[in-house]
Amino acid sequence: MNRRLFLGGFIPAPAWSAAAIRLSRTDGMPEYVDVKEYRATVIVFLSTVCPISNAYQERIRALAKHFEDKAVRLLLVNANDNESAAETERYAADVKFPVPFFKDWRNTVADRFGVTLTPEVVVIDASGAPRYQGAIDDSRNPARVKVEAVKIAVDDLLAGRPVSIKSIRAFGCAIKKV
C-alpha cells in the first residue's frame, strides 16, 4: 500500500506541508528552515544567468527591506542543476543581496512546490501551506508594475486576512532540473 496515501487518511493535510525546508548554503552545509518560526516565509527562486531573474535584483532588495522588521523569512534559492555552488556564491557576492542565497540540490524544494521558472516565488504561511505562487509582480518593466503581488500576499498574511492574490503567472527562464 502507498504509505503516503495510507497516512494521508489519518494526518491532516497541513502536517504534510509543515515540514522544514531543507536547503544548502553555498559552502555545502545544510540549513533547515522551520516555517513555524515565521508568520510568512517567502521563497524566491533565482538563477545566476537568467536575464529576467537578474532584472529583479533591485526589486528583491526592496522586498528584503520591506520585510526586514516583520515576522517574515526571505529565502533566495538557486535550483538550477547547471549552476554550481561556486557560481551561486560568486553571484551572491557580486549582487550583495541582504539575505543569504541557497542552493536547492536535486530540485527538492522547487519540486515540492511545483516551481518551474526563475524568478518564481512561493509564499508560505506559518502552518507551511502555500498561500501565493507566481511572479514577484505583474511586469518585467519596473516602471509598469501595478500589482506587487508578493508584498500584497505577505501583508495580507501578517494582517490576518485571507490572501487576496493567489497567483500571478510567473515569467522567466526554466529551472534546469536534475
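Below are the figures for this structure:
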| item | result |
| --- | --- |
| Loop-located GluC sites (Glu not before Pro) in the range 73-178, at most 16 other Cβ atoms within 10 Å (DSSP) | none |
| Loop-resident sites, the range 36-73, for GluC sites (Glu not before Pro), counting at most 15 other Cβ within 10 Å (DSSP) | Glu68 |
| Amide H partners (placed H, <5 Å) of Tyr132, local residues excluded | Val123 |
| Overall dimensions of the range 80-156 by Cα: Rg and Dmax, Å | 14.2, 37 |
| Leu75 long-range amide H proximity, modeled H, under 5 Å | Val42, Ile43, Val44 |
| Table column - 3J(HN,Hα) (Hz), the range 121-128, Karplus curve with 6.51, -1.76, 1.60, x for Gly and Pro | 10, 10, 10, 10, 7, 5, 7, x |
| Semi-axes of the equivalent ellipsoid for the chain, Cα gyration tensor, largest first, Å | 24, 21, 15 |
| For the range 136-151, Karplus couplings with θ = phi - 60° (6.51, -1.76, 1.60), whole Hz, Gly/Pro x | 5, 8, 9, 7, 5, 8, x, 6, 9, 5, 10, 10, 8, 4, 5, 4 |
| Reachable aspartates and glutamates from Lys146, criterion Cα separation under 18 angstrom, eight or more residues apart if same chain | Glu58, Glu120, Asp137, Asp138, Asp155, Asp156 |
| Lysines whose Cα lies under 20 Å from that of Lys70, excluding same-chain neighbours fewer than 8 positions away | Lys36, Lys151 |
| Backbone HN-Hα couplings from phi across the range 37-47 [Karplus 6.51/-1.76/1.60, Hz, Gly and Pro as x] | 7, 10, 5, 8, 10, 10, 9, 10, 8, 10, 10 |
| Helix-derived mean residue ellipticity, 222 nm - over the chain, DSSP H n ≥ 4, -39500 (n - 2.57), to 500 | -8000 deg cm²/dmol |
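Throughout, read-outs are computed from the coordinates displayed, never taken from laboratory work. Just so it is clear, the model here is predicted, and its values are computed rather than measured. We place every Cβ from the backbone using ideal geometry, glycine too, and count neighbours over all the protein chains shown.
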